[in-house]
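The values are calculated or read from the model by the stated rules, or taken from the named source; none is laboratory data. Note that this is a predicted model, so its numbers are computed, not measured. Backbone-built Cβ (ideal geometry, glycine too); neighbour counts: all protein chains shown. All accessible areas refer to the heavy atoms of the entire protein, side chains included, with ligands and DNA or RNA removed. Shrake-Rupley method; radii C 1.70, N 1.55, O 1.52, S 1.80 Å.
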Amino acid sequence: NNICSFHQRGETRTSSRSSPKWEETRRGSMSLAALGGGGAALSQQLKMMQQLSEAQQKVTSFFGGGDVDEEAERKAAAEKEEAEQKAMTAESSTKYLFRLCVYSGEDLPRDNAYVRVCITDEEGNVKVHKSASSASSAHPVWEYFFEDEIYVSNVNGPPRVELQIYGQRVMHEAFDKYVGTTLLKLPTAGASPGPMRAVLPLQLNTWDNAGEKIAETFRDAKNPRLVVVWQVCDENQLVPDLIRIAEMDEDADQRANYQFHLKLVSAELRRPTEGPRKISANFRLIAPTGEAVKHAPPNTSHLASTVPIERLQEAFEGRLKEEDIADEVCGQAVWSQDHRLGWEMPRWFLRESRLSLLSYTVEATLFIHGQSPPAEGEKKKGLFSRAASAVREDKPIKVGTWRETLGEILESIEESDGGLVCDASIESKEGAHIASLRLEIDLFSAQAHRMPPSLVASNPPKFPLTKAPARKGVPPQEIWHTKMQYYCTVMCDSLPNNETCLPYVRITMGSSVEQTEAKDVHSVYNVLYDRPLPIQTTLINRKAKIEICSKPSGVLSADSERVIGEGVVYDITPDKEYYIHCTGGALDAPNKDVAMQMVKGALRPASTYTGTVAVKFGGKMSTKAKFDSFYKKRQNCRLQVKLYSGLNLTSFAGKKVSVVIKVAACRLPNRAG
């Protein structure tokens, strides 16, 4: 107790040394020390007290005492309380992935508008996401998309999502004009049944900062609204592209009866087997909930034996015995059913909307039966060698998997107006190519599509089969975020010639945005960019948006960039050339808003062809000689046009008119080559 009391008094004196009272006490101590023996004893006692005080300070500091340590204790207690609060919140909440696409605005006040999305959780914390500003328009098209983690409370429900519209001003964000706001209500149950499309009414701000009405500014905004697509889902769920859903027709929400047809034709192993081996394939259709769609069995093919490629004909006709090829290299297999090539799986029957079909996934898994993984020293020239240990013949070993979204399959079928024939790439968890499965796929609601005649084998078939386009599908989840580098070769042609055009191409993949250098002179034909455009993304990003833009013609020009056309490639295959024909509004459109909506795809059908861009997503840096392939595919054609009197355009009656007919990039082939 004495030590503590002296320590406290010592601290008090130390903290008040600069005060007048301390100076008086110091002079009194000096006078006492100048006295005889009594002063010396008192001085020695004071010295001992000082030593005890210093010792006490060290002890209390070591065990967490003192003023500074009390502050540290309070800080540690606050951090502990905050961590406990977060733990309690996490226990009472469920973590989800919130995906939102603010696609466009309708009937808004004309301005350079942008969107602020404010997400407020149950503790009052606010996250803000901000889009880029659009050109001055009453019908802006943002195509703004983001993903963010949210917690849905079991007590208070989901966070509050508010969408605010601002008009951008030149000086600072604080001077931006607040246009209006709307709320997006999330489901209290947590995850949504799939992507949801909504049209949200916008509540306009009719008062300015000075408290005066500004309804005069919003005179033309009769029914302002925002077009959005959103989804609340699990983080590891395979999700569709929300921008594509926003561009669908209005009847995409209507449910219909669909049939999904799948036929397994053949397999080709990258690493052949030593002697014949039995293989089979299992197929699943996975719903957005993650559960497999039930249907009539079986969903696993019957067994087929691997054989040498030159003896496929004998294997199909049943004239080949396994003992005849026991020591040969066997790398291919074919399936047959009722003396016809291929194994047809019982059809899946779905009643869904086209919007919901995008969230389904097709999964194919390849198995080898009676084969153990080769041990070290048993590998022979890259072959699946015989196992040293005995293995049951009916024990399947998983080789690899192929997955593809139903949305990508549906896109390919609708684009070609025919069934899909492809070589599905079976891959391991690490993304290594294992084998290829020849599949014939069709998805239809009324009538089945016709398969491409050039890819469908005749009956009886002739081997080897015609090579089909490869389809990698969705990469394994373990390598979704693996970095991928593309070198994009770009060429444009048949751009608008009605005004100065200084074109450049911008490519967007996920969060990566790269663009070529703009031309310095007016260029509309054979616009070639010598240097490949490097762009880095992840393996899960298989979508690329390609835009053809033109920079302002003058240095002092107040005009912003002009978007000539844009297109989207959803399933990128490396080293494949894509030809995208762009459409939009009239070249000298009287209504610029409608013309831009046509360019962006928000208003369909578009009225005018605006140009073509050719893109090749190369896996390696290519030289200028690689561009020759664009020229070699050209064909010289002649266009013949006949005009018939059959359409009465009363608005042009009695006037001299010009008829303009333009062919979509006559110098370049279409997507099919």
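General observations
- Spin-label zone in the range 430-447 - amide nitrogen under 11 Å from a point set 7 Å from the Cα of Gln237 along the C-beta vector: none
- Förster radius 22 Å - calculated FRET efficiency between Glu147 and Ala189 (Cβ-Cβ, nearest 0.05): 0.65
- Taking a ≥ b ≥ c as the square roots of the eigenvalues of the Cα gyration tensor, the range 382-512 is oblate, since a/c reaches 1.5 or more and a/b is not larger than b/c.
- Within-9-Å neighbourhood charge of Arg99 [Cβ basis; K, R +1; D, E -1]: -2
- Were the residues from Ala252 through Glu514 laid out at 0.36 nm apart, the gain over their Cα-Cα distance would be 91.1 nm.
- Three-way shape call for the range 416-472 based on the alpha-carbon gyration tensor, with the a/c threshold at 1.5: oblate
- Label sites at Gln313 and Ser607, each approximated as a point 7 angstrom past Cα along Cα to Cβ, lie 6.0 nm apart.
- Modelled spin-label separation between Lys642 and Asp588, with each label point placed 7 Å from Cα along the Cα-to-Cβ direction: 3.2 nm.
- Mean separation of Cα pairs under 8 Å and 6 or more residues apart, divided by the residue count, gives the range 497-545 a relative contact order of 42 percent.
- Ordering Ile309, Ala256, Gly342 by Cα displacement along the dipole of the range 255-363 toward the positive end leaves Ala256 in first place; charges were set at the Cβ atoms of Lys, Arg (+1) and Asp, Glu (-1).
- Normalised per residue, the accessible area of the range 131-211 is 54 Å², obtained with a 1.4 Å probe and no contribution from ligands, DNA or RNA.
- Estimated vicinal HN-Hα couplings, Hz - the range 421-429 in sequence order (Karplus 6.51, -1.76, 1.60; Gly, Pro = x): 10, 8, 9, 6, 8, 7, 10, 7, 5
- Taking label points 7 Å from Cα along the Cα-to-Cβ direction, Glu415 and Leu528 give a separation of 2.6 nm.
- Over all distinct Cα-Cα pairs of the range 436-518, the Kirkwood formula returns a hydrodynamic radius of 18.6 Å.
- Prolate/oblate/rounded label for the range 233-283 (Cα gyration tensor, a/c 1.5): prolate
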